[in-house]
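Peer 1: This structure is in structure tokens; I'll ask about it shortly.
The values are calculated or read from the model by the stated rules, or taken from the named source; none is laboratory data. In this text, all values refer to a predicted model and were calculated from it rather than measured experimentally. Positions of Cβ are generated from backbone atoms using ideal geometry, with glycine treated the same way; all protein chains shown enter the neighbour counts.
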């Protein structure tokens, strides 16, 4: 239930207090812990449905709620996007092959707060091009996070990500973006992963939002398949994504979805 009592900026962005930070840390920690536990379940021969079933079970065992089951008719506790799927891949009988890369995206609700995060995994041996794509996407997320501090703008975040990615001769997806969250799943602002410095709303202490760049080895264009969920690269090039939920502090930001076991990057082992 959304019982937000804080103030709104002129752009309609919610400003949260210290209790909000505590709630987001609890929700984010659970989402991150669930993704930690998925690493051993990603291997050649595994199905994405089996991974999703494990996620749904962990959410229930934690006494939390999946934010995605029932959201606009969606039936799964995760989105699992393999290879050229950019985002919103639907778990199912697809069997992972050696060298497949995949993004697993989980959002949980804990005491009314939403924890939203995603990260990349590899089934089997990681190919060189895929490894480079994953590295650039991971680093692009943190370039964006480094730009988060009061007085900067959302355009500064997008610019930091875009210039870094394009310098690596890769492309940033423009059709999907990050978003505000807290006691709701999606709220203002839209957090673009491209842009010009000094543009967009100004960052203020107490803002909560996701940064979740999607990066393609090829061109940035995407298309949504007939299921109305699955987004793929138009040129069939590989795509990768990493996502953290963050809160703006007086001096920078706090990341709510840090991996408890240090497994955010797929080569953690």
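Peer 1: In the range 39-49, is there at least one residue being part of a strand (DSSP E or B) and more than 20 Å from residue 243 (Cα to Cα)?
Peer 2: Taking every residue of the range 39-49 in turn, at least one turns out to be part of a strand (DSSP E or B) and more than 20 Å from residue 243 (Cα to Cα).
Peer 1: In the range 50-85, which residues are free of Cβ contacts under 8 Å to residues at least 40 places away in the same chain, assigned to a loop (DSSP other than H, G, I, E, B) and over 27 Å from residue 222 (Cβ atoms)?
Peer 2: 63
Peer 1: Here's another thing I want to ask about it. Is there any pair with a first residue in the range 1-27 that is on the phi < 0 side of the Ramachandran plot and in a loop (DSSP other than H, G, I, E, B) and a second that is modelled with pLDDT under 95 and exposed (fewer than 12 other Cβ atoms within 10 Å of the Cβ) whose Cβ atoms are under 9 Å apart and which are 6 or more apart or on different chains, and what are they?
Peer 2: 17/5
Peer 1: Report, by residue number, each residue of the range 237-269 that is outside any loop (DSSP other than H, G, I, E, B) and in contact with a strand residue (DSSP E or B) (Cβ under 7 Å, 6 or more places away or on another chain).
Peer 2: Those that are outside any loop (DSSP other than H, G, I, E, B) and in contact with a strand residue (DSSP E or B) (Cβ under 7 Å, 6 or more places away or on another chain): 239, 240, 241, 243, 244, 245, 246, 247, 253, 254, 255.
Peer 1: Which of (1) buried (at least 17 other Cβ atoms within 10 Å of the Cβ); (2) within 17 Å of the chain's Cα centre (by Cα); (3) in a loop (DSSP other than H, G, I, E, B) does residue 206 not meet, given it meets every other one?
Peer 2: All conditions are met except number (2).
Peer 1: Right, here's the next one. Among the listed residues 242, 264, which satisfies the condition of being under 19 Å from residue 193 (Cβ atoms) and at pLDDT below 95?
Peer 2: 264
Peer 1: I'm checking my understanding of the structure. Among residues of the range 143-189 that are in contact with a helix residue (DSSP H, G or I) (Cβ under 8 Å, 6 or more places away or on another chain) and assigned to a strand (DSSP E or B), which one is farthest from residue 108 (Cα to Cα)?
Peer 2: 171
Peer 1: Continuing with this model, one more query. Got a number for residues in the range 86-96 being crowded, with 24+ Cβ neighbours inside 10 Å and either within 21 Å of residue 175 (Cα to Cα) or free of Cβ contacts under 8 Å to residues at least 40 places away in the same chain (or both)?
Peer 2: Of the residues in the range 86-96, 2 are crowded, with 24+ Cβ neighbours inside 10 Å and either within 21 Å of residue 175 (Cα to Cα) or free of Cβ contacts under 8 Å to residues at least 40 places away in the same chain (or both).
Peer 1: Which members of the range 28-49 meet the condition of being more than 19 Å from the chain's Cα centre (by Cα) and in contact (Cβ under 8 Å) with a residue 24 or more places away in the chain?
Peer 2: 43, 44, 45, 46, 47, 49
Peer 1: If you don't mind, there's one more thing I want to ask. What's the number of the condition residue 196 fails, among (1) under 29 Å from residue 17 (Cα atoms); (2) touching a helix residue (DSSP H, G or I) at 6+ places or on another chain (Cβ under 9 Å); (3) modelled with pLDDT of 95 or more; (4) outside any strand (DSSP E or B)?
Peer 2: (1)
Peer 1: Might you let me know whether the range 219-227 holds any residue that is buried (at least 21 other Cβ atoms within 10 Å of the Cβ) and under 18 Å from residue 84 (Cβ atoms)?
Peer 2: The answer is yes, given that some residue of the range 219-227 is buried (at least 21 other Cβ atoms within 10 Å of the Cβ) and under 18 Å from residue 84 (Cβ atoms).
Peer 1: Criterion first (modelled with pLDDT of 95 or more, surrounded by fewer than 22 Cβ atoms within 10 Å (Cβ to Cβ), under 17 Å from the mean Cα position of the chain (by Cα) and not in a loop (DSSP other than H, G, I, E, B)) does residue 139 satisfy it?
Peer 2: Criteria met by residue 139.
Peer 1: Scan the range 121-132 and tell me whether some residue there is touching a helix residue (DSSP H, G or I) at 6+ places or on another chain (Cβ under 7 Å), under 18 Å from residue 180 (Cα atoms) and not in a loop (DSSP other than H, G, I, E, B).
Peer 2: Within the range 121-132 (the criterion being touching a helix residue (DSSP H, G or I) at 6+ places or on another chain (Cβ under 7 Å), under 18 Å from residue 180 (Cα atoms) and not in a loop (DSSP other than H, G, I, E, B)), the answer is no, since none of the residues qualifies.
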